[in-house]
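Q: Before we start, here is the structure in question, set down as structure tokens.
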Amino acid sequence: MSAEPICLDPFDTGGYPVHCRTLIVEVLEDEHGRVRALATILDLRKQGWVPTGGELQTAGIVHHMSLDALVDVESGRIERFEPSQQVVAFEASERTAGESCRDPIHLLRGMVGETLAVDNARRLRELFGGPLGCSHLLTLAQLVVSFLPEAIAREARNLRAGQAGREPGERITKRNLVIDAFERRDGNQEIAIQLTDVHTSPFATVVKTLDRFGAQHEVRAIIRVDAATTTISAFDVAERTRGRAELGIATWQSRREELGWLEHRSVMHGLAPELLRRFGADAAREPLLATLINFAPAFVQSLATRVTRMIEEGAREGGGLGAMDQAGIGGIPDSCYMWRTGGGMTRRRQSGD
């Protein structure tokens, strides 16, 4: 571990704020034995700029995408899986050879007819992973199918225990996952993650406003990444669950010892499969899995600061962008539709080699 400790109590992070990714999933009671999930992913770049797609992608909202899903409670069958992309990195233009991040969005509708199951993440990758789709929208879709099964099961348990039913349109539960990235003085990155699941009691049982509070599950993590090796140099993770009776007394439970295998782990290679292997089959660990599996995709978004630094350094040395002059800085080959082998952006990048 780093000689400088990480502190989760209080939740103390350090560095220059460079990026924030927020994912939200709200589960609502629908009619005719169904639930509706409304989900959003938003990437807010706090500083820096990246030349890509023939344009400068500046600080501000760089991705804003949504998903509207409808699921039959009894069968778990997905009846609607409707994505939208309000803000994307690449709009269709002459500079993108007429291609856009929106081109493959229809493929996600292939989840209609699927049943919520442990292999949904694999099915989503088959439909929309890598060169087939958009990695950001895929991340949101995976969070939805990860969160929904236990949300539905929890509601079923409450009904069997005699809890009142829900009104149409009533919120059942809501997940917020916020990932903040900081650049430290030494050039390393620090990622702060906060997951909050809030489960509500039915409106029919509410007398006072606080009666609406059912339960809360939280995960907090701070992960430091070594800039030179892109490995985890320090981390801490804690988890807390509380109901109405435990609001003032519930304590955070450290997961640091259990997660010791994260030390010196590569962020970019093999982290997600290992997390799935360890926690994927255990519904009780789903909040912890959702927190940690979203770390690497958010970390990638925070690297825009390094791109700006690299360009500045090249300018000081009298160099240029070289191959990047054609298409700008882009993703790993076949990481998404826009950077697929043979795609317009890839051809432009290769033409500058």
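Each value in this text was obtained by applying a stated rule to the coordinates, not by laboratory testing. The structure displayed is predicted, hence computed values, not measured ones. No Cβ is skipped: glycine too gets one built from the backbone with ideal geometry, and neighbour counts run over all protein chains shown.
Q: Would you work out which of PHE295, PRO168, THR231 lies farthest towards the positive end of the dipole of the chain, given +1 charges on the beta-carbon of Lys and Arg and -1 on that of Asp and Glu, about the Cα centre?
A: My answer, from the dipole projection, is PRO168.
Q: Then there is this: Could you point to the label whose value was computed as volume of the Cα convex hull per residue in Å³ for the structure here, given [x] 135; [y] 158; [z] 145?
A: [z]
Q: So how do LEU140, LEU159 line up by other beta-carbon neighbours within 10 Å, fewest first?
A: By the 10 Å Cβ count, ascending: LEU159, LEU140.
Q: How do 258-265, 199-206, 338-345 rank on mean C-beta neighbours within 10 Å, highest first?
A: Listed from highest to lowest mean packing, they are 338-345, 199-206, 258-265.
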